[in-house]
Amino acid sequence: MRMKYFSFKAAGTVQGVNFRRWAQKTAESRNITGWIRNHNAGHVEGEAFGDSQSMNDFKVLLKSGPRYAEVTEVTIDNEKEVATAEEIQWNMSRFEVKKDA
């Protein structure tokens, strides 16, 4: 099975609308590991790793977010397809909400 990694940034009304918890639940339901946090510039950012199909689904879902979010832009960076987590030295075992940056 091919695995995928990417970092992401979502802008718009994404803070104060439960975006981070929604992303955590959405990722965990698809066996995606990683993290998300609020950034002081007003967006959320994070990294994610999982099987390619789940990651493609997650990427699409980030563009809509939870009920009260108004996502205006999602930026995906450093997208990589790999065979194993070790190829990119990925060692996270769950999806975490981190402290704000």
Q. Among (1) open to solvent by 20 Å² or more (accessible area, probe 1.4 Å); (2) charged (D, E, K, R); (3) at pLDDT 95 or above, where does residue 4 come up short?
A. (1)
Q) Of all residues in region 45-101 being modelled with pLDDT of 95 or more, among the small types (Gly, Ala, Ser) and open to solvent by less than 50 Å² (accessible area, probe 1.4 Å), which is nearest to residue 15 (Cα to Cα)? A) 69
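Just checking, which of 64, 52 is closer than 15 Å to residue 5 by Cα and without any contact (Cβ under 8 Å) to a residue 60 or more places away in the chain?
Of 64, 52, the one residue that is closer than 15 Å to residue 5 by Cα and without any contact (Cβ under 8 Å) to a residue 60 or more places away in the chain is 52.
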Q) Which one of the conditions (1) more than 18 Å from residue 82 (Cβ to Cβ); (2) modelled with pLDDT under 95 does residue 20 fail to meet, given that it meets all the rest? A) (2)
Q: Output the strands (runs of 3 or more DSSP E) that fall wholly within the chain and possess 3 or more residues being of a type in the set (Gly, Ala, Ser), or say none.
A: 3-13, 44-51
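The values are calculated or read from the model by the stated rules, or taken from the named source; none is laboratory data. Every value quoted in this text rests on a predicted model; they were computed, and no experiment measured them. Every residue, glycine among them, receives a Cβ derived from its backbone with ideal geometry; neighbour counts consider all protein chains shown. Heavy atoms of the whole protein, side chains included, go into the accessibility calculation; ligands, DNA and RNA do not. Shrake-Rupley method; radii C 1.70, N 1.55, O 1.52, S 1.80 Å.
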